[in-house]
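Laboratory data are not the source of any read-out in this text; all were calculated from the coordinates shown. Source: prediction; values computed, not measured. Here Cβ is always computed from backbone atoms with ideal geometry, including for glycine, and neighbour counts include all displayed protein chains.
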Amino acid sequence: MNERARGMIEMVAAMMICGTIGWLVVVSGRPVTQVVLWRCVFGALVLLPICATKGYLRSGRMSWRQFAIAVAGGAALVANWLLLFSAYSKSSISIATTVYNTQPFMLVGLGALFLGERLTLAKLGWLSLSFCGMLLIVRTQSEPGAAQSNYLWGIALSLGAAFFYALVALFAKQLKGVPPHLIALVHVIVGVVVLSPLVLQGGWPAGALTWSTLATLGVIHTGLMYILLYGAIQRLPTHLTGALSFIYPIVAIVVDNVAFGHRLHLLQVIGAALILLAAAGMTLGWSLRRKAHEEKAIV
């Protein structure tokens, strides 16, 4: 098997694993703080021996500045998980995951503000398309009362999660040369340190189903998923990695339908399609003109 084929298999597997995260979070029946803590604990148990075997734990692999940036990224990632997992129970896994895929636009905005990256007409066009999709999703549930409030709150939580994931990516841009498995290990250790004092005071999970769900989230959906994802990124060109990443929201929508019977309304389907199309255009660098180099930077 050549490197490209292996990378595609790894990327598809990683995205399919990602697509079932929401199902496991809901099935666990635990508070999101507890779910995130144990995801970090079990993820660390997988990543720690891998980093040790590869020699990533030796002195000098990461400077103190890089370590501080990685810790900041870990804090942002923990916030990302807390917000996204909280959104599942309010707006459904399908809607939360779709809205969460506005993260490329958050990253573009942060890049323009802090890294001096160009904001082009094409990027603004994709952002406008995504915004139209968001409006369709927001306006779909128009019933007054608690249901509508929860729905809108779930969308807000998903947008917050997307923002914090964009921060994670922004921090990661400053860590070139640092092994990605080591970055992931720092991230989950930050989660353990931050959440342990808060969560463990509330008692330990009970029952085989709960523990198996939490262990799966940590071992499969964190440790194994990171290994597959980083392996794919190393073997595939950026455009192919970006294209295959959209397997994640599609799987999440299918799983939500099969497991919980959540079906999107017509306007939600259209809105979700617009958001995912816009995110694909942004991620893959599609131009609204014939030639991307004809774009003029406006910022």
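Suppose R0 equals 30 Å; then what is the FRET efficiency for Ala169 and Ser212 from their Cβ-Cβ distance, rounded to the nearest 0.05? Rounded to the nearest 0.05, the efficiency is 0.45. Relative contact order of the stretch 3-294: 43 percent, from C-alpha pairs under 8 Å at least 6 residues apart in sequence. Residues in the stretch 79-84 carry Karplus couplings, in order, of 4, 4, 5, 4, 5, 5 Hz; the curve used is 6.51 cos²θ - 1.76 cosθ + 1.60 with θ = phi - 60°, and Gly or Pro positions show x. Suppose R0 equals 25 Å. What FRET efficiency, 1/(1 + (r/R0)^6) with r the Cβ-Cβ distance, do Gln234 and Leu119 give to the nearest 0.05? Working from the Cβ atoms, E equals 0.30. Phi-derived couplings, Karplus 6.51 cos²θ - 1.76 cosθ + 1.60 at θ = phi - 60°, listed residue by residue for the stretch 120-126: 9, 4, 5, 4, 5, x, 5 Hz, with x used for Gly and Pro.
Looking at the chain, how many pairs of lysines come closer than 28 Å at the Cα, when each pair is eight or more places apart or spans two chains? Please report the intermediate quantities before stating the final value.
Details: Lys54/Lys173; Lys54/Lys176; Lys123/Lys173; Lys123/Lys176; Lys123/Lys291; Lys123/Lys296; Lys173/Lys291; Lys173/Lys296.
Going through the chain pair by pair, I get 8.
As a proxy for reagent exposure, Phe85, Phe67, Phe114 were ordered by neighbouring Cβ count within 10 angstrom, fewest first; the result is Phe114, Phe67, Phe85.
Basic side chains Lys and Arg get +1 at the Cβ, acidic Asp and Glu get -1 at the Cβ, and with that the dipole of the chain about its Cα centre reaches some 660 debye.
Kindly put Tyr151, Tyr88 in sequence by how many other C-beta atoms sit within 10 Å of each C-beta, fewest to most.
Details: Tyr151 20, Tyr88 25.
Fewest-to-most Cβ neighbours within 10 Å comes out as Tyr151, Tyr88.
Taken along the Cα-to-beta-carbon direction at a fixed 7 Å, the label points for Ala156 and Asn257 span 3.1 nm. Taking 4 °C and 1.567 mPa s as conditions, the chain diffuses translationally at an estimated 65 µm²/s according to Stokes-Einstein applied to its Kirkwood radius (Cα pairs). Which distance in nm do the two modelled labels at Arg58 and Ser196 give, with both placed 7 Å along the Cα-to-Cβ direction? Spacing of the two 7 Å Cα→Cβ label points: 2.8 nm. Note on the chain: helix-only mean residue ellipticity at 222 nm, from DSSP H runs of 4+ residues weighted -39500 (n - 2.57) and normalised by residue number, equals -25000 deg cm²/dmol.
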